[in-house]
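Structure, as structure tokens:
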Amino acid sequence: MRVPFCLTIAAIVTAAATPGHTGAFVSVPTGASLDVRMRLECEPPAGDWTTPAAIRAGEGWQAVTERGFRMTLTPQGAQAWRVNVSRDGGSAFRLLKIEAEVRAPLEGITAVWDTQAPPAHSIFRRTPEIDFSIVTRPNLGIPLLVAVDHYGNNRLAAGWLDQGCVSEVAGRRDGLNYLVTLRVLGDAKLMKTEHAAHMYLDRERSGWFDTVRAYASRAGELSGYKPNPIPDGARKPLYSTRYPFSDAIDEKTVTQNAALAAEMGVRQFVIDVGWSTTRSWADKSGDYGDYTGAPGKFPNLRQTIEELKKKHGMRVILWAAPTWIGEGSRAFDKVRDYRVKWPGGDYDRNLCPRSPEAREFIAGSLERAIRDYGADGLWMDFVDTFYDTCDAPHTHDVPEFHRGLELLEAEIWKRVRRANPEATVEYRIPFANIFTKQHANVYETTYSPDDFHANRLLGVSLRAYSDGVLTKSDPVYWLGDAHHEQVGRHMMTSLFLGPPAISGDLRRMSKERREQVAGWLKYYNDNRDDLTGGDFAPFGESFHNPDLRIVGKKRAFVYLATKQSRAIEIPKQLSELHIHNSNPPENGQLRLEVHGLADGAYRGIYYNCFMKSDRQEDFECRDGRMVVNTDMPTGGVLVLRKQ
């Protein structure tokens, strides 16, 4: 259980640095002091504070300005505070900014997690790179950072619970403190009588993964999030045309790869970008946005999809960039005036989610694509390419950007599921976030071709805030000369993150390689319920490059990314453990202690990177402890079963 803070407004600053700008110091008396400075920017200007000290107001605190603006902080359960701004007399005003400066002792802080940290070597920003600033929007990331110690334990989690806000989240070293700046950026056009935000501050000394999960849970409570149904077919292995072909696909490419994929055990097929376009998807003058089979490439798309479904037992998923409309599309002239326009600039390729006409066009087009072609879902792309500001002259039926986006995503979800009640609607990082999962049921990492390491790190980060949706990796893709052991590492990475997903031109893949992948897909299918339904968590000595553990009902699975971890803890007395070795060959023999398995004699079966058994060895668990000294192969698995 997370312990709530006792938040006290300690003093008021009377000088205003800029018109409409005022500030207040707020302290949080905990074991280690946490100081918070609050500021406001309003239009009309709020003026200076009227008193040198805050006024107690019910369970919270309140500060008042000379022009009748009131800022009230009220506790909202553990770790959360509602920041409410109003004006005497109930007059409407514009809130330009709520800002909080949070200072915590710098000592012990060595790394910072956020959803935009580059995953090259870690999912954390590490000293000296912990001075940074990011912008989050409802369609980009999460307004949270978590500063951690050498062991990956939380020292300060700070952010906003409001997933619809546009915010700035920044951290930097400030003398002996670590200074976190949180800004909610208001809409300068939005006049309201009351504005509110929900600040989140957590000092609970738990692991970073649990800290993020706790935050996501609180954010879900605030928004009333309820998980959407996930069809069982979504948990089956998947193939995507993405990496070898991009938009250069046609009926022949799809049907030939689908036949080979089916032989390997794939039962989901993503027809990626190119199924509805005849020009480059990257070109502003392209013909994307119609969502009809591209002439000359897919002369009868419904027939093609029916072949994949009936002949090969596939679920078929179509690519979509829902807000994009190309100047070469047939629908362009109909909807061109509903595009987003940057203030003082030109229109861009995105349709505006605050336009009811744009929302109807988008949702209707995608519903027709699912219904007319018999598809089973949508793979959503490029939802992060438009911003919260639009000064186009078309009608905005809702003033708030997040409200328009929510209405759009909700309408897409409703219409797609109306066309196919078993459909999936899938988003990828960075718009696979807490805001979007209200109207989604599958999440994916993001582009990680030939990089299982980045894929894994992104997957761990994604799992921390994605309870309620099915997560999976970016389709694994390796270069043609990849070693067999490297392919094994790709495959084990993918199946630890969700249903395994692959890409590549299977026609050019050797029979030996296809058989290797098929072996991994069979392994996944044999263990699917535990892999996708078990308790997932990172662990190990290297929190920024963690090992992975899944504890299911019948068996547990461990993914060893480094040689640093010596101890494996299994939290319940299971009788079967699968150890996956993703260490590079030069790391040599693994020396492990396994704690928590049921006592008794175990038979260890070694599987190489082809998932073929090549030897066996006996082990024993005594008093809940098993010693495993092994030279198990890279890209292989050791399965320990109680006899």
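What follows is calculated from the coordinates using simple rules that are stated; it is not laboratory data. If you're wondering where the values come from, they're calculated on a predicted model, not measured in any experiment. Backbone-built Cβ (ideal geometry, glycine too); neighbour counts: all protein chains shown.
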request  = Divide, for region 178-253, the radius of gyration over alpha carbons by 2.2 N^0.38 Å, where N is the residue count.
outcome  = 1.89
For the chain: relative contact order, % (alpha-carbon pairs under 8 angstrom, 6 or more apart) = 9 percent
query = How do 157-169, 105-117 rank on mean C-beta neighbours within 10 Å, highest first?
reply = 157-169, 105-117
Dimensions in Å of the chain - Rg and Dmax from alpha carbons = 26.5, 80
Gain upon complete extension [Asp599, Arg615; 0.36 nm per residue less C-alpha separation] = 3.5 nm
query = Over all distinct Cα pairs, what is the inverse of the mean 1/r for region 207-355, reported as the Kirkwood hydrodynamic radius in Å?
reply = 18.0 Å
ask   = So what is the 222 nm mean residue ellipticity for the chain from helices alone, if each DSSP H run of at least 4 adds -39500 (n - 2.57) and you divide by all residues, rounding to the nearest 500 deg cm²/dmol?
value = -6500 deg cm²/dmol
ask   = Under a straight-distance cross-link criterion of Cα-Cα below 20 Å, which lysines are reachable from Lys334, leaving out those fewer than 8 residues away in the same chain?
value = Lys284
query = Semi-axes of region 255-297's equivalent ellipsoid from the Cα gyration tensor, sqrt of 5 times each eigenvalue, largest first, rounded to whole Å?
reply = 27, 10, 8
ask   = What is the gain in length, in nm to one decimal, between His121 and Arg418 on full extension, counting 0.36 nm per residue of separation less the C-alpha to C-alpha distance?
value = 102.7 nm
request  = Mind giving me the FRET efficiency for Phe332 and Asn300? R0 is 25 Å, r the Cβ-Cβ distance, nearest 0.05 is fine.
outcome  = 0.50
key: Gain on full stretching of the segment that runs from Arg82 to Asp372 - 0.36 nm per residue minus C-alpha separation   = 99.7 nm
request  = Report Rg/Rh for region 103-228, rounded to two decimals, where Rg is the Cα radius of gyration and Rh the Kirkwood radius.
outcome  = 0.98
ask   = Once the Cβ-Cβ distance between Gln589 and Glu168 is put in as r, and R0 is 51 Å, what FRET efficiency do you end up with, to the nearest 0.05?
value = 0.55
task = May I ask which residue of Trp81, Ile123, Gly108 lies farthest towards the positive end of the charge dipole of region 66-134, with charges of +1 (Lys, Arg) and -1 (Asp, Glu) on Cβ and the Cα centre as origin?
result = Trp81
ask   = Taking a label point 7 Å from the Cα of Lys284 along the Cα→Cβ vector, which residues of region 326-355 have an amide N closer than 15 Å to it?
value = 326-329, 336-337, 339-351
request  = Taking the Cα centre of the chain as origin, work out the dipole magnitude from +1 charges on Lys and Arg Cβ and -1 charges on Asp and Glu Cβ, in debye rounded to 20.
outcome  = 1020 debye
note = A correct Kirkwood calculation over the Cα atoms of region 419-480 returns a hydrodynamic radius in Å of 12.1 Å
query = What size of dipole, in debye to the nearest 20, comes out for region 443-492 about its Cα centre when the only charges are +1 on Lys and Arg C-beta atoms and -1 on Asp and Glu C-beta atoms?
reply = 180 debye
Charge dipole (debye, nearest 20) of region 521-614; +1 at Cβ of Lys and Arg, -1 at Cβ of Asp and Glu = 180 debye
key: Percent of C-alpha pairs per 5 Å bin, region 50-114, short to long   = 4, 12, 18, 21, 17, 11, 8, 6, 3, 1
query = How large, in Å, is region 543-643 by the Kirkwood hydrodynamic radius built from its alpha-carbon pairs?
reply = 13.5 Å
